[in-house]
1. Would you confirm, using the coordinates I've provided, whether residue 221 is over 22 Å from residue 303 (Cα atoms), open to solvent by less than 40 Å² (accessible area, probe 1.4 Å) and among the aliphatic types (A, V, I, L, M)?
2. Could you pull out the residue among 105, 152 that is over 30 Å from residue 67 (Cα atoms), assigned to a loop (DSSP other than H, G, I, E, B) and open to solvent by less than 50 Å² (accessible area, probe 1.4 Å)?
3. Which is of a type in the set (Asp, Glu), without any contact (Cβ under 8 Å) to a residue 40 or more places away in the chain and either closer than 19 Å to residue 200 by Cβ or out of contact with any Asp or Glu (no Cβ under 6 Å at 6 or more places or on another chain) (or both), of 136, 161, 80?
4. Check residue 178 against each of (1) surrounded by 18 or more Cβ atoms within 10 Å (Cβ to Cβ); (2) touching a residue at least 40 places away in the same chain (Cβ under 8 Å) and name the one condition it does not meet.
5. Within segment 207-219, does at least one residue satisfy the condition of being of a type in the set (A, V, I, L, M, F, W, C) and in a loop (DSSP other than H, G, I, E, B)?
6. Evaluate segment 192-205: report whether one residue or more is assigned to a strand (DSSP E or B), within 25 Å of residue 55 (Cα to Cα) and aliphatic (A, V, I, L, M).
7. Within segment 276-293, identify whether any single residue is exposed (fewer than 13 other Cβ atoms within 10 Å of the Cβ) and either modelled with pLDDT under 90 or of a type in the set (Gly, Ala, Ser) (or both), and answer yes or no.
8. Could you say which residue among 92, 124, 88 is outside any loop (DSSP other than H, G, I, E, B), in contact (Cβ under 8 Å) with a residue 60 or more places away in the chain and open to solvent by less than 60 Å² (accessible area, probe 1.4 Å)?
Amino acid sequence: MKVHTKKFLLWICIGIVVAAAGIFFIVNSRKEDEKYRVIFIPKVIDEDNDFWKLLIEGAEMAAAEYHIDLTIVAAETEDDYEEQNALIEWAIDQKPDAILLTPSSFTETTLYAKKVTEKGIPLILVDSEVDEDIADTVIATDNEKLGEVEGSYMKKCATEDSQIAIIGHVEGSSTAIEREKGVRKGLGEYEDRIVDVVFCDSDYDKAYRLMMELIEKYPEIDLVAGLNEYSAVGAARAIKEKGLHDRIRVVGIDSSLEEIQFLEEGIFEIIVIQNPFKMGYLGIEAAVEILNGGKVEKHIDSGCELISNDSVYTEENQKLLFPFREE
């Protein structure tokens, strides 16, 4: 009887071990199958704009590598902060593991960004900021430095009689504010030669029209700074059409194919490029690090580089202008 009892207990123990092993296997299998859910809300999804295309491609590349369930939604236009705020509230209701956000407004997006953190959802700001320090991390170009690079180059070309115009993108956005500040800083003593600052609402055609109006209003204008791709390209199109590129020096930001062509043609003096692909990739990477219990830096500078007609074909700059998608 005792022998049978021992055998019975032995089989019970074996059964318990097997069951525990099975449960462990099932639980771990489920964990491997589970994916973090991340929602990314850029300012806009625009297939005609290389900056946004590359930013989103970078996020998608990282999401694929880290097995992230990524959803990307955006307003119809960059300056529509009200639609973006509604999307932020929608995203919160989805209860994702993390939210990536490119704020449309430095001030008007803040309240809604705070709602993300109040719900305990990690918040990663990409490219742009809000006026309160609420995000887990901000991954962006140092936009004041970006503008300063433009302004410092313009200073070399300026004279006491110069007439300088700045064409910004979205008035009130952190990038526009910081880049204009940087341009003014870079111009130094020639800052007082700025005759006008206008905003194109990140619309190529509006930037073109604004440049035409500036040429009419200030016949002696000789230096123009575009603060993003839309503003720079729109201004360059107008100057090329007017045949004024020998007299009006234009500096731009970003690196679309059209901008590179304008640089080669001498319409642009220089372009200052960002690394949007890297921004998007690092945004997802930071979310994964935070969700796995790690720490990330509060601010991550994705860098910028000045490209001139003479340096556009160097190996290093070619890599920056045409980033390999698999990197």
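1. The answer is yes for residue 221.
2. 105
3. 80
4. (2)
5. No, segment 207-219 contains no residue that is of a type in the set (A, V, I, L, M, F, W, C) and in a loop (DSSP other than H, G, I, E, B).
6. No: zero hits.
7. Checking segment 276-293: at least one residue is exposed (fewer than 13 other Cβ atoms within 10 Å of the Cβ) and either modelled with pLDDT under 90 or of a type in the set (Gly, Ala, Ser) (or both).
8. Checking each option against the conditions leaves just 124.
The values are calculated or read from the model by the stated rules, or taken from the named source; none is laboratory data. All figures in this text were calculated on a predicted structure; none of them were measured in a lab. Glycine also receives a Cβ, built like all others from the backbone with ideal geometry; neighbour counts cover every protein chain displayed. Quick note on the areas: whole protein, heavy atoms, side chains included, nothing else; ligands and nucleic acids left out. Shrake-Rupley method; radii C 1.70, N 1.55, O 1.52, S 1.80 Å.
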